[in-house]
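What follows is one structure encoded as structure tokens, with my remarks underneath.
The values are calculated or read from the model by the stated rules, or taken from the named source; none is laboratory data. The structure displayed is predicted, hence computed values, not measured ones. Backbone-built Cβ (ideal geometry, glycine too); neighbour counts: all protein chains shown. These accessible areas exclude ligands, DNA and RNA; they are computed on the full protein's heavy atoms, side chains included. Shrake-Rupley method; radii C 1.70, N 1.55, O 1.52, S 1.80 Å.
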Amino acid sequence: MMATSDDFSTSYLHFINYPENLLQSSTNLYRSTLSAYKQRLDSAESDLCLVDGEDDVAGVFEVPIRDLETSTGKALDKLNVHSPEELTEWLGVVTTPDPENPDQCLVTTRKKDPKCRFIYLYAQHSRDQLKVTRSSLTQILTFHQVMPIFLDFLMAFGSQSDPKDLRFSGFRQQSVMKPSPHRPPTPELGRSGCHFQMCYNLKGVRFAKKFDDRMKHDQWYIEPAAFYHQFDAVSGNTLWIVTKGGIDIQQRYKDLTGSSGRPEDKTFKKLEDGFRSSLSAHLMFCHWSSEDWRWYFRWLEEIIDDESAMAVYGMRGPGYAHKQYRPRDFQDLHFWQDKTSEAVMVLETNVEVIRSLQKFYASLKTHEDLPITLKTDCESDISSFFSSLDGIVDDFNMHISRARLLVKIITDRKELVIQHLQGQIAERGEELNRRLEREAVLMRIVTILTLIYLPATFVSTFFSTDVVTFQNQDGPNGSTNSASFSSLALARWFQVTLPLTALTLFVAWTTYNLSSPTASNTADNDASQWPKIRQLKDRVKDKGRVVNFRPWKSSETRHRLPLHKEPEDP
């Protein structure tokens, strides 16, 4: 058992107040900034972590930890921690009351840090709570003195209906490569106090589920992952804290450092060995973020072709099969355009993070306080690391170009769908106009027939009354003539009906002409334009040009002027 320093003991005993409890040597942030981080953690606690009394902590809590090259001599020591008590025991920290001051406690440790420790904080998926309580989370972060800005990357996880902070990305680093009395080491834990630490996030894409009925219902997810790395520049101790939904990255790291892994990826005996293995881990995380993007964009391209190909290749017109578009088709294309633009943004942020990672290690090569063994023995490893990252960036840039082209195609097809919608509206309008024209012709026929038959109907109705009687009710011998033909009645009928029909048609024709513009009015209006035309002609003559004028009444309806001579010029 080894007692820790007073500063570290005080920091560890107040781990629930992380990051306000961090050693001043481990952060260069102001106290107000640390308080703001703690307030954000307080607000997000119920969504980010398991809560005692609200969640099944005993049944859900799980933190996988892998220790390589431990201080006890084990090459590998691993455990899936399922309770806060197991976590405290695994870290090897023992808290006992101070015999000299019962109000205070002493913090002792049973073991030093391993050469490499990998801690995996995960959830069932990227929009679920982490399988850890807040106290255990802050205990891990305090014990390893993790820089508080790592909380920014953790806040992207937690319980949420839709992915939040998917557009957040970054790379943060802090280097303390030179011994200083203000940054005392912690030898009881095997920490020299000279180290560099960094945190960043990357995003990958994952195919989740396939639907047989329609391809557009297949499920793809863009998943974030947050990485924290700390490397001791003297002892070579390496720390990884990875946060993600699902256990796939943990399995990848297990394969990297397991029995089937390469020796250079799982060796930590020397300082340069630990440095090389950390480069391999970085490269593995970057490769994870670059996988499956090709198939994701291929899926998007097939959906766009399926949704909008008829807008390009479907011939419109009578006798051609074409798709009738609706406003929701435009909305669907806009949705897929948003998905593609989102993928472009994710790829660009991945490129920026990888470039920042390259830039950090490039500056590390020229750092004056970096041990000379790392500069000389690992120079080729860093160059190979840069070359691999360049290849990943090239793949990302190719996918970005492909996605931007797809965005442009979707934009063009959205405009084409709008044009089809407008064309369909125009076609419906033309069809309606044709129907109205046919109905107008029919109404004219009905009107003409009505005008023809109306006088006869009126006369027949009038003569059927008792006002006029042409038939004798009693004959000379007492007989009746009710079935006899009366030429006088027919003559009277024609005498009244024909003039009345002619009068009705004349009134209708006169009414129609009065409701339309007359030729005389047109001629008068055209003649009234002569003074203006004459003035304009005079202006042209003043400039020595001859112009033939053809005055019209308007640009919409052109009528020739009446045939009379224009007054001659004086």
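Some observations on this one:
- Solvent exposure of region 292-466, expressed per residue, is 60 Å² of accessible area, with all protein chains present and a 1.4 angstrom probe.
- Straight Cα distances below 13 angstrom link Lys203 to the aspartates and glutamates Asp165, Glu223, Glu291, Asp292, Glu342, Glu348, Glu352, with same-chain residues fewer than 8 positions distant left out.
- Per-peptide average of other Cβ atoms within 10 Å, ordering 152-163, 136-147 highest first: 136-147, 152-163
- Given their separation in residues at 0.36 nm each and the Cα-Cα distance between them, Glu302 and Asp390 gain 28.7 nm when the chain is fully extended.
- Candidate residues Thr366, Thr504: accessible-area rank, largest first, probe 1.4 Å: Thr366, Thr504
- Along the axis of the charge dipole computed for region 292-466 (Cβ charges of +1 for Lys and Arg, -1 for Asp and Glu, origin at the Cα centre), the listed residues His399, Gly314, Val344 are led at the positive end by Gly314.
- Gyration tensor verdict on region 19-82 (Cα atoms; rounded if a/c is under 1.5, prolate if a/b is larger than b/c, oblate otherwise): oblate
- Largest to smallest in accessible area, the residues Leu279, Leu23 fall in the order Leu23, Leu279 (1.4 Å probe, all protein chains included).
- Modelled spin-label separation between Glu379 and Asp6, with each label point placed 7 Å from Cα along the Cα-to-Cβ direction: 4.7 nm.
- Think of region 292-466 as a dipole: +1 on every Lys or Arg Cβ, -1 on every Asp or Glu Cβ, centred on the Cα centre; then among Cys378, Ile448, Ile425, Ile448 lies furthest on the positive end.
- Gyration tensor (alpha-carbon) shape descriptor, region 292-466, a/c threshold 1.5: prolate
- Loop-resident sites, region 26-100, for chymotrypsin sites (Phe, Trp or Tyr not before Pro), counting at most 12 other Cβ within 10 Å (DSSP): Tyr30
- The modelled label-to-label distance for the pair Val94/His367, using points 7 Å beyond Cα in the direction of Cβ, is 3.5 nm.
- Spatially, region 60-108 and region 137-189 are offset by 20 Å when compared through their Cα centroids.
- Above-threshold pairs, the threshold being 30 Å between Cα atoms, out of Lys210/Lys244; Lys78/Lys339; Lys266/Lys365: Lys78/Lys339
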